[in-house]
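Trainee: Please read through the structure below; I'll follow up with questions.
The values are calculated or read from the model by the stated rules, or taken from the named source; none is laboratory data. Worth saying up front: this structure is predicted, and the values here are computed from it rather than measured. Here the Cβ positions follow ideal geometry from the backbone for every residue, glycine too, while neighbour counts run over all protein chains shown.
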Amino acid sequence: MNILFYIAALIAIMATIRMVTGINAVHSLLYLIVSLLSVSVIFFLLGAPFIAALEVIIYAGAIMVLFVFVIMMLNTGSSGVKKEHELLKPSTWIGPGITSAILFGEMLYVLMHPAAHPMTRTEIQPAAVGALLFSKYILIVELAAFLLAAGVIGAYHLGQKEKVSHHRYLKNEEPAT
Amino acid sequence: MILAWIILLLMGTGFLAWLTSRWSDILPRIISLAGTLLFLGVVLYLWFTHSASAVPSGNAAAGAWIIHYTHSWIPAFGIHIILAADGLSLLMLLLTAFLGVLSVLVSWKEIKTRVGFFHFNLLFILAGITGVFVSLDLFLFYFSWEVMLIPMYFLISIWGYENRTYAAGKFFLFTQASGLLMFLSILGLYFVHGRSTGVYTFDYEALKGTVLSQPTAFLLMLGFAAAFLVKLSTVPFHSWLPDAHTQAPTAGSVLLAGLLLKTGAYGIIRFVLPLFPQASQQFAPAAMILGVISILYGAKLAYAQTDLKRLVAYISVSHMGFILLGIYAFNQIAMQGVIMQMVAHAISTGGLFIIVGALHARIQTREIGQMGGLWTQVPKMGAMGLLFVLASLGLPGLGNFIAEILILTGSFMASKILTIIAAVGFIAATLYSLRIMQKVFYGTVLKKWEITDFGFREMIVMGSLAIVIIWLGLFPNSILNATQQMVQGIVQQVNITVNGPQNANTLQNASR
Amino acid sequence: MSELLWLIVALPFAGSLVLALAGKSLPRLAAAMIGVGSVTLSAILMLFVCLDFLHANPAGTPVHQMLWQWINVSGFSPAIAFHLDSVSLTFVFVITFIGALIHLYSAAFMWKEDGFARFFSYMNLFIGFMLLLVLADNFLLLYMGWEGVGLCSYLLIGFWYKDPGNGYAARKAFTVTRVGDTAMVIGLFILFTNYHTLNIQDILQAAPHTWAPGSTIAIITAYLLLGGAIGKSAQVPLQTWLPDAMAAPSPVSALIHAATMVTAGVYLIARTHVLFELAPIVQTTVAIIGAVTLIVAGMSALYQHDIKKVLAYSTISQIGYMFVALGVGAWSAALFHFMIHAFFKSLLFLGAGSVIAVLNNEHNMFKMGGLWKKMPVVFWTFLIGACALSALPLITAGFYSKDEIIWQAYASDKGSIVLWLTGLAGAFITALYTFRMVFLTFFGNAKAEPTYRPGVAMTLPLVVLAFLSFAGGFIQLPDNMGHVTLFSQFIQHTLPTTVTTASGHAAEWIAQVIAAIVSIAGLALAYRIYYNKPFPAAEPVRNPIQRFFFQGWDFDLVYDKVIVQPIVFFSRIDKNDIIDQFYTGLASIAGLFNKGLAATQNGKLRWYAMALGIGAVITLTILLYA
Amino acid sequence: MTIPMEYGLLLAAILFCIGLAGVLVRRDVIFMLMSVEVMLNAAGLAFIVGGAARGSADGQVMFIFILAMAAAEVSVGLALIIQLYQKFKTLDADSASQLNG
């Protein structure tokens, strides 16, 4: 069983790297989905089947579909691809790369120091999660609901086309030619 | 109670002027004029009914206050509304009212935009200044101190000249920063007094007796002095003044020079000396040196300026140096001279600012190089300019002379060397003053300006100033008598605390 | 009558006020009536007061009149009060009497000028202040008059304000005298701190009991007062303003810069003679300053082309004589010369003014000539004035007054042979330049035609003054010639008598003969050089020595280099106030911080994310290693 | 034989850092948003690992919240991307720098 973890982990890392360095948005998106799926495998291995399912359905399914829609809608085409290619020069990523590396090194340092803690394989049932969710964390659930509602409204508002406003004080200036 | 009514009258008039500006531009002017005239009337009434009781009685300790009014404000912190007036306060109120009327009159044609808001600010400045001159609760004093700042900031930054934003910001930063130092000192005094006696109060009379250790007293004194020295535009804290004066509209300059600077001198006399007599004595040599430096440095800068209004502003710096020199001489002659200088400088510099403002309104420049030979076209303005220039160079027979001679005579008893150096200021004053006459009114006509002489309204303004400055020069006793008791009290207090009653008496006799 | 004393002072002030307020709307005649009338009334009143003073108290008891308490602060209590004694009466007489004559003259002289009323307003103001000066019973009021006359001098020098040069001359006059005045003010401070009063008589009475003769404080005080006196009286080294002051209209020069104001220094020293006697070294300095001045100014007068400048230097020189007299303790001689000088010098100025006026404002003597036939009245009166100035013996008042000074310079206990010789040399120079002026102006070929003849209003004052220059001397004759001592007796009510060491009529005779010979020699030399000789009208090329004398011994040049230019330079370089730069420096440092921080707000999302990342790294690092 | 918790956390750290590098390097807003998703996911993974190590359900609850937040974020983010594209005709994040000080 352990081997499954390592394989999934490896795939997740490789896919994520490919996603970040990819040039074509759709390809990257697909790599991202691969990465998410392999993480969901790890969830399953760690005794969280419910979360694994959610990961597949919501993350890899719903959210990624949104991305696909947007990419298709904008249809930046090959010009954007070419531009992006130029930008992937060493000078652009050397700084962020070092920052990320240092951060990783520090995390590694933290993780390697204490003694190893084994992880249980006991499966935690969705019912237990649900019970906890609606008892101890009920307030946060409500807040999350607010957040989602706000997200919906925000997305709706931002997504619509600009309207001509008729208020005299808020009159838009003539668009610059 | 009458003092509270005066302040409320000014504030109410201000609001009314603002409100009525919706309907007409002339209404706010009339309302403000009426309000300030009423103010002047009330103060004149107070002056004539009470100056009789301020006749020197020889006993300075008894009955210091002519009018006294107390009302609770925030009792939890020991904050009260204590308004009181003695001879000095009344004199300053008289000056405030007089210049208030004049500043409404000089703005009559000059201010064309947002007339209502302008008069609102003007009247609030007057209210704030009145508050400063009559508050005896340190918190209320600080409150009034701030009340006069903010409208002045607006006055400069909205109706000023080309560089107004910079000037207004500078003015605000200098005065606000120093004012905060003073507030810290007020709080310090409040807590020290509260700790030692258990009574937490901002009452001036109560705080006067606070026992302070010497370093504490000196520090607290410095906090107060910081605010007042900046207001008095003592070198090296003077640099806000030329900018603010130059950029302010005429009424603003008149109020700045005539009243706001005087609040600094008033503050030192009313608060610093009685609250910290010993620390003031320690500070005196430094203050006198600063005063002398201000006199000479201000004069030197005035001589170098080519912007007429800036020149007049530096004259103020120089004249304020005399005030500082006189206050810290700690004798009655110098102190009376200081009070005289406060009044005379307000009149003479106010007159000069009005002339510069009138010139600017006519020829749209303040550059001396652009003027010249204006006497032919505007003889009345020239004659008035001559009078006030002469006043500012200390010509005998005009108010400033009395002030300067009293200050220097008094300070000569305190420090001979400094007084001799300060007397050089007379020569410097000649140089910069006559330069104004030479460059503006005399000489060849450089540009053919088509300008009109002073009109009826302007002549009323200038005429009243002229009468006052000559009156001050010939009959200074009418003012000196009113403040005599107050001055005697303060000087005695400072000298007694420091030298003990025995020495104070000999000092008094020596100055007799 | 003496209770009307205040009216003598008040009338000119009132006239001035009326003219200043209503001058524009008054017709010329009315303005002239007010201007001349007020001073004339003063003069008439003065005559009554004078008679009253002489009759009512032959002992010369001073009259005191208090108007109101001026200032009263803790012992500092000068009043507006007048003190009339024989010294001030002499001055009041000269001021009002000559003042009235000159006012009358000016009414005609200035008739066509713009600002006619303004002129009379200033002139009246001057008379008022001058009377205040000599009548003041305390030093502060004296100082008020002192500054007031300085002001009027300033205003009148700059009367033709359209020429910037006049303005500068006016400024120079005011500023230079202010230097002296400031010294004097400091002297007043010392007096007040020591005597707790500024009343002149009180101080003079108390001084001998308080200060030992020759004590440092007395010397310092006397020197400071002397500073004021030399500034006002244009003595070396503060004499440079007076020649420039000739930019004023001629009547002004006659009134202010010859007869009255410039002698205020003489008045001050005479008035405070007690202080000077307490400081013998200062009194000697007075004599030396006078002696130096009379030579310096006399030499300069020899080289002038401008007729008024000759008279200006001559005035400086003659006041030098008065200073010599004061210095040797010949008080009454000094005042006598003051009075006689006022007569003949204002006469000369008025005469010169007439000449200048009729020749269309021509000042250069070399462009005049032959005027004696065309302007007989002016010529004869001018000649009398010139004779008096040159101290021609026996017939002129100038001889009696100047001779007394020269004699006292030798004979007084403070006198010396050097002073005497200097006085003689001065007399020679005086005669030389005076007649140089007369010969160049009135004799020789006519180079310019007079445009009109002066009217009665102009000639009447000339005649009266000429009479006084001639007859005024007979009220005081030397011991050996008639021994008339009306004037010195009168003065001695107030001032001490002169102590003479050399005695005997023989010495005095010899000295007088020598003085007379010297004067006549000067006249003769002038006749040799200048009478009927053709001179080019143009300005000659001067050699360095001539230029040195012409420019008044280059005092101006030195002052300009040593004082004026450094001050101007110092003002210019620091025009924008170095202290302000400090504050703007603070502000610009804050501004730099602002710029630096604002640069981080570049709106780039990745930049912010990067900052977040680095922040996380730093936080973690701190957490790990701290 | 079980996997040590550290390995799971290590994986989370690796994914997080790659995501971070992606956000910092890429200019295309879509890529940045995707990288953010990776980071969120990595954080969620860390929660699950932690929960598994302690045998409690809290970690999973936290993941659900993260999920909710991610959904909201993506919806708003994508809407913003659309607006951005309409305004600037580009997806370059650097071009939208009007908020500079």
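Trainee: What is the number of the single condition among (1) crowded, with 17+ Cβ neighbours inside 10 Å; (2) farther than 30 Å from residue B:371 by Cα; (3) modelled with pLDDT under 90 that residue C:160 does not meet?
Mentor: Failing condition for residue C:160: (2).
Trainee: Right, something else. Is it true that residue A:61 is under 30 Å from residue D:27 (Cα atoms), modelled with pLDDT of 85 or more and not β-branched (Val, Ile, Thr)? Don't jump to the end; show me each part of the working.
Mentor: On the way: under 30 Å from residue D:27 (Cα atoms): yes; modelled with pLDDT of 85 or more: yes; not β-branched (Val, Ile, Thr): yes.
So residue A:61 fits the description; yes.
Trainee: Tell me which of these residue B:323 doesn't satisfy, since it passes every other one: (1) farther than 17 Å from residue B:405 by Cα; (2) of a type outside the set (Phe, Trp, Tyr); (3) under 12 Å from the mean Cα position of the chain (by Cα).
Mentor: It fails just one condition, (1).
Trainee: Check whether at least one residue in segment C:198-216 is in contact (Cβ under 8 Å) with a residue 60 or more places away in the chain and within 11 Å of chain B (Cβ to nearest Cβ), and report yes or no.
Mentor: Yes, there is a match, as at least one residue in segment C:198-216 is in contact (Cβ under 8 Å) with a residue 60 or more places away in the chain and within 11 Å of chain B (Cβ to nearest Cβ).
Trainee: Continuing with the same structure: From the list A:81, A:68, A:41, A:56, which residue is at pLDDT below 85, surrounded by 12 or more Cβ atoms within 10 Å (Cβ to Cβ) and more than 8 Å from every other protein chain (Cβ to nearest Cβ)? Please lay out each step first, then the result.
Mentor: Details: A:68 fails: at pLDDT below 85; A:41 fails: at pLDDT below 85; A:56 fails: at pLDDT below 85.
Only one candidate passes the filter, namely A:81.
Trainee: Shifting gears a bit: Among the residues of segment B:375-422, count how many are more than 10 Å from chain C (Cβ to nearest Cβ), within 21 Å of residue B:460 (Cα to Cα) and over 24 Å from the mean Cα position of the chain (by Cα).
Mentor: The number of residues fulfilling the criteria is 3.
Trainee: Would you tally the residues in segment C:70-89 being within 13 Å of chain B (Cβ to nearest Cβ), farther than 12 Å from residue C:141 by Cβ and buried (at least 22 other Cβ atoms within 10 Å of the Cβ)?
Mentor: 3
Trainee: For segment B:245-276, give me the residue count where each residue is part of a helix (DSSP H, G or I) and more than 15 Å from the chain's Cα centre (by Cα).
Mentor: The number of residues fulfilling the criteria is 8.
Trainee: Among the residues of segment C:368-396, which ones are of a type in the set (D, E, K, R) and surrounded by 18 or more Cβ atoms within 10 Å (Cβ to Cβ)?
Mentor: Filtering segment C:368-396 down to residues of a type in the set (D, E, K, R) leaves C:373-374.
None; the set is empty.
Trainee: Being touching a Phe, Trp or Tyr at 6+ places or on another chain (Cβ under 6 Å), farther than 30 Å from residue C:347 by Cα and assigned to a helix (DSSP H, G or I) narrows it down to one of C:266, C:282, so name that one.
Mentor: C:282
Trainee: Where in segment A:1-74 are the helices (runs of 4 or more DSSP H), entirely inside, with at least 1 residues that are of a type in the set (Ser, Thr, Tyr)?
Mentor: Counting at least 1 such residues, we get A:2-21, A:25-45.
Trainee: Can you list residue pairs whose Cβ atoms sit under 7 Å apart, with the first residue in segment C:609-626 being surrounded by fewer than 10 Cβ atoms within 10 Å (Cβ to Cβ) and the second being at pLDDT 85 or above and among the hydrophobic types (A, V, I, L, M, F, W, C)? Count only pairs 6 or more apart in sequence or on different chains.
Mentor: none
Trainee: Checking the condition loosely packed, with under 15 Cβ neighbours inside 10 Å, at pLDDT 75 or above and within 9 Å of chain D (Cβ to nearest Cβ), which residue from A:127, A:101, A:144 passes?
Mentor: A:101
Trainee: Would you please name the residue that is nearest to residue D:11 (Cα to Cα), looking only at residues in segment A:10-28 that are crowded, with 21+ Cβ neighbours inside 10 Å and in contact (Cβ under 8 Å) with a residue 24 or more places away in the chain?
Mentor: If we take residues in segment A:10-28 being crowded, with 21+ Cβ neighbours inside 10 Å and in contact (Cβ under 8 Å) with a residue 24 or more places away in the chain, then A:12 is nearest to residue D:11 (Cα to Cα).
Trainee: Quick one: is residue C:555 more than 30 Å from residue D:31 (Cα to Cα), touching a residue at least 24 places away in the same chain (Cβ under 8 Å) and surrounded by 13 or more Cβ atoms within 10 Å (Cβ to Cβ)?
Mentor: yes
Trainee: Still on this model: How many residues does segment C:411-455 contain that are aromatic (Phe, Trp, Tyr) and in a loop (DSSP other than H, G, I, E, B)?
Mentor: 2
Trainee: So, one more: Identify, by number, the condition in (1) crowded, with 22+ Cβ neighbours inside 10 Å; (2) more than 26 Å from residue B:405 (Cα to Cα); (3) more than 10 Å from chain B (Cβ to nearest Cβ) that residue C:167 doesn't meet.
Mentor: (3)
Trainee: Can I ask one more? Residue C:114 is checked against (1) within 23 Å of the chain's Cα centre (by Cα); (2) not in a helix (DSSP H, G or I) and fails just one. What number does that condition carry?
Mentor: Residue C:114 satisfies every listed condition except (1).
Trainee: Let me ask something additional. Might you check whether a residue that is under 14 Å from the mean Cα position of the chain (by Cα), more than 10 Å from chain B (Cβ to nearest Cβ) and of a type outside the set (Val, Ile, Thr) occurs anywhere in segment C:145-154?
Mentor: The answer is yes, given that some residue of segment C:145-154 is under 14 Å from the mean Cα position of the chain (by Cα), more than 10 Å from chain B (Cβ to nearest Cβ) and of a type outside the set (Val, Ile, Thr).
Trainee: How many of the residues making up segment C:357-379 are part of a loop (DSSP other than H, G, I, E, B) and not polar (S, T, N, Q)?
Mentor: Residues flagged as part of a loop (DSSP other than H, G, I, E, B) and not polar (S, T, N, Q) within segment C:357-379 amount to 11.
Trainee: Now a separate question. For segment C:83-103, indicate whether the set of residues that are touching a Pro at 6+ places or on another chain (Cβ under 7 Å), assigned to a helix (DSSP H, G or I) and in contact (Cβ under 8 Å) with a residue 24 or more places away in the chain is non-empty.
Mentor: The first filter runs over segment C:83-103 and keeps only residues touching a Pro at 6+ places or on another chain (Cβ under 7 Å), leaving C:83-85, C:101-102.
After this cut, where a residue has to be assigned to a helix (DSSP H, G or I) as well, the list is C:101-102.
Within this subset, residues satisfying the condition of being in contact (Cβ under 8 Å) with a residue 24 or more places away in the chain are C:101-102.
Checked segment C:83-103: at least one residue is touching a Pro at 6+ places or on another chain (Cβ under 7 Å), assigned to a helix (DSSP H, G or I) and in contact (Cβ under 8 Å) with a residue 24 or more places away in the chain.
To keep it simple, each residue is scored yes or no on (1) buried (at least 23 other Cβ atoms within 10 Å of the Cβ); (2) in contact (Cβ under 8 Å) with a residue 60 or more places away in the chain; (3) among the basic types (Lys, Arg).
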position: B:286; (1), (2), (3): no, no, no
position: B:307; (1), (2), (3): no, yes, no
position: B:343; (1), (2), (3): yes, yes, no
position: B:371; (1), (2), (3): no, yes, no
